[in-house]
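Asker: Input: one structure, supplied below.
The values are calculated or read from the model by the stated rules, or taken from the named source; none is laboratory data. Note that the structure is a prediction, hence the values are computed from the model and not measured. Positions of Cβ are generated from backbone atoms using ideal geometry, with glycine treated the same way; all protein chains shown enter the neighbour counts. Surface accessibility is based on the protein's heavy atoms, side chains included, excluding ligands, DNA and RNA. Shrake-Rupley method; radii C 1.70, N 1.55, O 1.52, S 1.80 Å.
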Amino acid sequence: ARVRIRELVSLLPYRTARVEILRDKSTAGKTLERRRKLLLAFYEQLVREFSKGQMTAPPQDLPLGLICDLLVSLINFDPEIKQGMLEETDVAVRSERLLEMLKSMNAPGLDDTLDRPRKWPPAQSVN
């Protein structure tokens, strides 16, 4: 969970504070569900590679916000970028930023057609 420190209560023997819990702002929709599936598949791919097949696949119902957080923690982004992603409570914004960064890094398996609505039925081909 994300928290905002409201008041530092004590420093010794342990740092304690009064905090406000920040909830993820999330809206449902087909675009976010496509992003969730795309990023979950990418996360599964990374976990398989890092663990050399030793770890089991994550649950398929992981929320998009958590998937974004897990990916940001695994990938070697600059600390400022990681901090900015962790501060963002809007899941749609966080997932869009993450996808843009991953695509700019030419991350494999991120087909951008999954992140935008597809026209249906498709137009007729010239064949």
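Asker: Within straight cross-link reach of LYS82, meaning Cα distance under 21 Å, which lysines are found once same-chain residues fewer than 8 apart are removed?
Answerer: Within reach: LYS25, LYS103.
Asker: Where is the GNM fluctuation largest for the chain (alpha-carbon springs, 10 angstrom cutoff): MET101, MET55, MET85?
Answerer: Of MET101, MET55, MET85, the most mobile in the Gaussian network model is MET55.
Asker: Still on this structure, I have one more. Gain in length, ALA28 to ALA1, computed as 0.36 nm per residue apart minus the alpha-carbon separation, to one decimal in nm?
Answerer: 7.7 nm is the gain from fully extending ALA28 to ALA1.
Asker: Please work out which option in (i) 75, 35, 27; (ii) 90, 43, 21; (iii) 46, 22, 16 gives Cα extents along the principal axes in Å calculated from these coordinates, and answer with its label.
Answerer: (i)
Asker: In the Gaussian network model of the chain, springs joining C-alpha atoms below 10 Å, which of LYS82, LYS52, LYS37 carries the largest mean-square fluctuation?
Answerer: Evaluated over the chain, the most mobile residue of the options is LYS52.
Asker: Springs between alpha-carbon pairs under 10 angstrom, Gaussian network model over the chain: which of ALA57, ALA92, ALA41 fluctuates most?
Answerer: ALA57
Asker: Of LEU62, GLY84, VAL47, which is farthest on the positive side of the dipole of the range 45-91, counting Cα position, with +1 on Lys and Arg Cβ, -1 on Asp and Glu Cβ, and the Cα centre as origin?
Answerer: Sorting the options by dipole projection puts first VAL47.
Asker: Still on this structure: Solvent-accessible area of ARG34, probe 1.4 Å, all protein chains present, reported in Å² to the nearest ten, please.
Answerer: The value for ARG34 is about 60 Å².
Asker: A further question follows. With each run of n ≥ 4 DSSP H residues scored as -39500 (n - 2.57), what mean residue ellipticity at 222 nm is computed for the chain after dividing by its residue count and rounding to the nearest 500 deg cm²/dmol?
Answerer: The per-residue figure over the chain is -14000 deg cm²/dmol.
Asker: Quick one: order GLU20, GLU96 from most to least accessible surface, probe 1.4 Å.
Answerer: GLU96, GLU20
Asker: Can you list the HN-Hα couplings for the range 41-48, worked out from phi with the Karplus curve (6.51, -1.76, 1.60; θ = phi - 60°), rounded to whole Hz and with x for Gly and Pro?
Answerer: 4, 5, 4, 4, 4, 5, 4, 4
Asker: Near LYS30, which aspartates and glutamates are there with a Cα under 12 Å away, not counting those fewer than 8 places off in the same chain?
Answerer: Result set, ordered by chain and number: ASP115.
Asker: Distance in nm between label sites at SER104 and LEU62, each 7 Å beyond Cα in the beta-carbon direction?
Answerer: The modelled label-to-label distance comes out at 2.3 nm.
Asker: Amide H to amide H, which residues 5 or more places from LYS25 or on other chains are under 5 Å from it, using H placed in the peptide plane?
Answerer: ASP90, VAL91
Asker: Turning to a different aspect of this structure: Over 15 Å, how big is the tail of the calculated P(r) for the range 1-69, in percent of all Cα pairs?
Answerer: For the range 1-69, the share of Cα pairs beyond 15 Å comes to 66 percent.
Asker: What is the helix-to-structure angle for 64-74, meaning the angle in degrees between its Cα long axis and the longest Cα principal axis of the chain, kept from 0 to 90 and rounded to the nearest 10?
Answerer: It is inclined by approximately 80 degrees.
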